[in-house]
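So the structure is just underneath, and the comments pick up after that.
The values are calculated or read from the model by the stated rules, or taken from the named source; none is laboratory data. Fair warning: this is a prediction, and the values are worked out from it, not measured in the lab. Reconstructed Cβ throughout: ideal geometry from the backbone, glycine too, with neighbour counts over all protein chains shown.
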2 protein chains.
Amino acid sequence: MNDKLYIKLAIEFSQKGMDSGSGGPFGCVIVKDGEVVGHGYNEVTSTNDPTAHAEIVAIRNACKKLDSFQLEGCVLYTSCEPCPMCLGAIYWARLDRIVYACSSEDAAAIGFDDDFIYKEIPLLPAERQIKTEQLLREEGITVMEIWKTKADKTEY
Amino acid sequence: MNDKLYIKLAIEFSQKGMDSGSGGPFGCVIVKDGEVVGHGYNEVTSTNDPTAHAEIVAIRNACKKLDSFQLEGCVLYTSCEPCPMCLGAIYWARLDRIVYACSSEDAAAIGFDDDFIYKEIPLLPAERQIKTEQLLREEGITVMEIWKTKADKTEY
């Protein structure tokens with residue numbers, strides 16, 4: 001029953017974000033132990049931030065509230081199936097569960113087509129449409145090697 | 001030749017971020033028409049933001065500078081191959097090209113393994129390790145339908 005309550009709230013945020021001219025019609029809430037700990041709606045065009053999808057905004061909001069960079073024990077409710085960027089963020093934040101209302105196909109029907117990105121990600125870098133090259137690997141590795149033995153690091 | 005200059009700069013940012021205790025050893029710069037328009041390093045642990053990978057930070061920084069939510073004509077130089085979240089962000093921001101130094105395998109060797117996320121993303125929601133459910137699609141769609149005919153929207 002509570003799932004319905006929270007997904008309705010995520011849908012309300014999708015409406016709120018759209019009505020306020022913040023961005024596309026997408027909303028999200030994050031819930032932990034029956035408490036809403038984060039919320040957000042799409043703010044891409046109003047904040048000039050292509051990463052400000054509802055889920056990313058809500059994850060950042062919840063992390064701020066919980067003073068943590070991990071969201072274990074949290075459930076993410078989103079008005080639309082997450083795009084690959086947001087799905088990646090959900091894995092990095094270690095959320096427990098995802099509940100969504102509209103599907104990617106529903107989003108595509110109103111002009112938001114992340115299917116192209118879903119198809120690109122599993123490809124090898126050389127096969128992708130964005131030209132990708134590797135350069136100076138050895139110089140990059142010298143920094144990474146320092147991390148390995150760094151004493152005062154916070155792992156994540 | 002300039003590619004080498006900018007990837008070196010990205011690697012310098014990876015060192016700077018690590019040394020300042022901001023997060024993991026990852027740096028990024030974004031270049032447009034021979035000018036650095038954005039930069040960033042990993043800030044996940046210092047800002048409690050699991051989305052604050054070097055590439056995301058640099059994209060947000062460049063968009064702010066260019067006053068735009070799109071980065072057409074820009075090249076992204078990153079000290080390490082982008083994870084799926086960052087790759088998704090790169091597609092949404094419409095960057096032209098990616099140059100990276102270390103590979104995902106190099107990152108895995110120092111404890112940053114995004115291979116798991118790369119494997120999860122192409123799966124169907126029901127097959128993924130994070131439990132995912134769909135709920136109240138019809139209620140979500142009513143908001144999306146309004147977007148379709150909304151007169152004062154900014155498309156992206």
Please state which of the following conditions A:Leu71 fails to meet, knowing it meets all the rest: (1) at the interface with chain B (Cβ under 9 Å from one of its Cβ atoms); (2) assigned to a helix (DSSP H, G or I); (3) aliphatic (A, V, I, L, M).
-> (2)
Which is at pLDDT 95 or above, part of a loop (DSSP other than H, G, I, E, B) and within 8 Å of another protein chain (Cβ to nearest Cβ), of A:Pro122, A:Pro82, A:Pro50?
-> A:Pro50
Breaking point among (1) at positive phi; (2) surrounded by fewer than 18 Cβ atoms within 10 Å (Cβ to Cβ), for B:Glu133 = (1)
From (1) in contact with a strand residue (DSSP E or B) (Cβ under 7 Å, 6 or more places away or on another chain); (2) in contact (Cβ under 8 Å) with a residue 24 or more places away in the chain; (3) of a type outside the set (A, V, I, L, M, F, W, C); (4) surrounded by fewer than 23 Cβ atoms within 10 Å (Cβ to Cβ), pick out the condition that doesn't hold for B:Arg97.
-> (2)
Check off (1) surrounded by 14 or more Cβ atoms within 10 Å (Cβ to Cβ); (2) not in a helix (DSSP H, G or I) for B:Thr154 and give me the number that stays unchecked.
-> (1)
Name, by its number, the condition in (1) within 23 Å of A:Tyr156 (Cα to Cα); (2) more than 7 Å from chain B (Cβ to nearest Cβ) that does not hold for A:Glu43.
-> (1)
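Within the group B:Ile90, B:Ile11, B:Ile30, B:Ile7, which residue is modelled with pLDDT of 95 or more, outside any loop (DSSP other than H, G, I, E, B), in contact with a Ser or Thr (Cβ under 6 Å, 6 or more places away or on another chain) and buried (at least 19 other Cβ atoms within 10 Å of the Cβ)? Working first, answer last.
Working: B:Ile90 fails: in contact with a Ser or Thr (Cβ under 6 Å, 6 or more places away or on another chain); B:Ile30 fails: in contact with a Ser or Thr (Cβ under 6 Å, 6 or more places away or on another chain); B:Ile7 fails: in contact with a Ser or Thr (Cβ under 6 Å, 6 or more places away or on another chain).
Matching residue, one of B:Ile90, B:Ile11, B:Ile30, B:Ile7: B:Ile11.
Within region A:53-68, which residues are crowded, with 24+ Cβ neighbours inside 10 Å and not in a helix (DSSP H, G or I)? Steps first, please.
To start, the set of residues in region A:53-68 that are crowded, with 24+ Cβ neighbours inside 10 Å comprises A:53-59, A:62-63.
Passing the criteria: only A:His53.
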